[in-house]
Amino acid sequence: MSISDKDWNDWHWQLKNRLHSLEQIEKQLALSPEEQRGLRFASKEKLAFSLTPYFFNLIDPQNPDCPIRRQVIPRVEELVSLPYEMSDPCGEDKDMVAPGLVHRYPDRVLFLVTDRCASYCRYCTRSRIVSGVSGQKLETDDKLAFEYLKNHREVRDVLISGGDPLLLSDSRLERLLRQLREIPHIEIIRIGTRIPIFLPQRITDSLCKMLKAYHPLWLNIHANHPKELTMEVKIALEKLADAGIPLGNQSVLLKGINDDHQIILELVRKLIRCRVRPYYIYQCDLIQGTDHFRVPIKKGLEIMRNLRGFTTGFAVPQYVVDGPGGGGKIPLNPDYVIGYYEDKVLLRNYEGKIYSYPGGQDTKQEENYDRQSGTCM
Ligand SMILES: *Cc1c(COP(=O)(O)O)cnc(C)c1O
């Protein structure tokens, strides 16, 4: 089949021609029995299968472990759940204060505005409500959500997510942004989206022009592997950056995909060339059926130790784990403090060399005192 450039570059064409079934994929790619069973069963009960032709084209057919393929082609392992795996690993449902609105932290909320994405990541943390196959529905009622936001003046930061908010039409998205901007205490708006990676064609001039009117607006993308940062993606990201939108990236640490410091190093260097600052790297949430993706925290810390100092400081993301059951994001850091002594603190630098800094216990007590009495700043 030949496809015109005009069609290929049209995001509506890409969406309309997404791959949805085993039969469609098998015409173009030889699948393993694990993938066949994944497509037959996991995509019917856990999380739907959907893939833009653009992202499908990035799969290396010669490599059964292709990092693009592993993120989006279902596998039979998804049907296996361990006792500690959950359907709502971050405990979002219990912090839902209005339909689609999760209020966990003091000053900011997560606003889930759709349950659909351009393609589905097999380790989706919201597979319980995303894609519409798992039984639980994402309740949305903009009226109730906006009422809550208006009445809660402590909320100064709204993170729009889903599903993928950039799947909404420009006009629906604009209506949301306009309504948020009408609330005076909302200072910043953020969008969390993987569309620039799955469907870079969606980042049109008209979208950027519209977004630009709602500053301060921040946007986080989701890239896990340097192969995802193609020329098309780079152009899309440049358009967003040129619209004055500060860009961040959130990655998930995934076994066999990016659990290697060379790959992460290449990823973060490529991200900053695309004007995206690496923000978070997540420990994989305890979603049911994701054990085959899980990397031990110890290995994650090792990867972080091999980043800090070895590349641009602001290219180093914060490694976090979402506290299972609803603890929120907990930072994970390699330990650079060897110990506190009477008169000094012993420190390790990025190369493993040891340094001593004067002032031990006393300094630490003073710091605690300041924090409690609020005299800092
Ligand atoms: C991640 C998250 C946020 C945003 O957290 P930041 O650390 O500010 O990026 C807000 N609310 C919920 C429920 C979240 O999971």
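The values are calculated or read from the model by the stated rules, or taken from the named source; none is laboratory data. Treat the numbers as computed from the prediction; the structure is a model and nothing was measured. Cβ sites come from the backbone with ideal geometry, for glycine too, and all protein chains shown count toward neighbours. What goes into the accessible areas is simple: the full protein's heavy atoms, side chains included, and nothing from ligands, DNA or RNA. Shrake-Rupley method; radii C 1.70, N 1.55, O 1.52, S 1.80 Å.
For first residues located in the stretch 128-143 and in the same structural domain as Ile183 (by TED's automatic domain parsing) and assigned to a loop (DSSP other than H, G, I, E, B), partners that are open to solvent by 50 Å² or more (accessible area, probe 1.4 Å) and charged (D, E, K, R) and lie 6+ apart or on another chain with Cβ distances below 8 Å form the pairs Ile129/Lys137; Val130/Arg116; Ser131/Arg116; Gly132/Arg116; Val133/Lys44; Val133/Glu45; Ser134/Glu45.
Residue count for the stretch 183-211 satisfying the condition of being without any contact (Cβ under 8 Å) to a residue 40 or more places away in the chain and in contact with a Ser or Thr (Cβ under 7 Å, 6 or more places away or on another chain): 0. If I filter the stretch 157-173 down to residues being within 16 Å of the ligand (Cβ to nearest atom) and under 28 Å from Met231 (Cβ atoms), which single residue comes out as surrounded by the fewest Cβ atoms within 10 Å (Cβ to Cβ)? My answer is Ser161.
Taking the criterion of being within 16 Å of the ligand (Cβ to nearest atom) and either assigned to a loop (DSSP other than H, G, I, E, B) or β-branched (Val, Ile, Thr) (or both), the residues of the stretch 104-120 that qualify are Arg104, Tyr105, Pro106, Asp107, Val109, Val113.
Are any of the residues in the stretch 125-147 in contact with a His (Cβ under 9 Å, 6 or more places away or on another chain) and either open to solvent by 10 Å² or more (accessible area, probe 1.4 Å) or at pLDDT 95 or above (or both)?
The answer is no, given that none of the residues of the stretch 125-147 is in contact with a His (Cβ under 9 Å, 6 or more places away or on another chain) and either open to solvent by 10 Å² or more (accessible area, probe 1.4 Å) or at pLDDT 95 or above (or both).
Residues are listed down the side, and each one gets a yes or a no for (1) surrounded by fewer than 17 Cβ atoms within 10 Å (Cβ to Cβ); (2) more than 16 Å from the ligand (Cβ to nearest atom); (3) not assigned by TED's automatic domain parsing to the domain that holds Asp157:
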| residue | (1), (2), (3) |
| --- | --- |
| Lys209 | yes, yes, no |
| Glu228 | no, yes, no |
| Gln250 | no, no, no |
| His261 | yes, yes, no |
| Val276 | no, no, no |
| Gln283 | no, no, no |
| Val295 | no, yes, no |
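Looking only at residues of the stretch 174-207 that are within 16 Å of the ligand (Cβ to nearest atom) and part of a loop (DSSP other than H, G, I, E, B), we find that the one that is surrounded by the fewest Cβ atoms within 10 Å (Cβ to Cβ) is Glu187.
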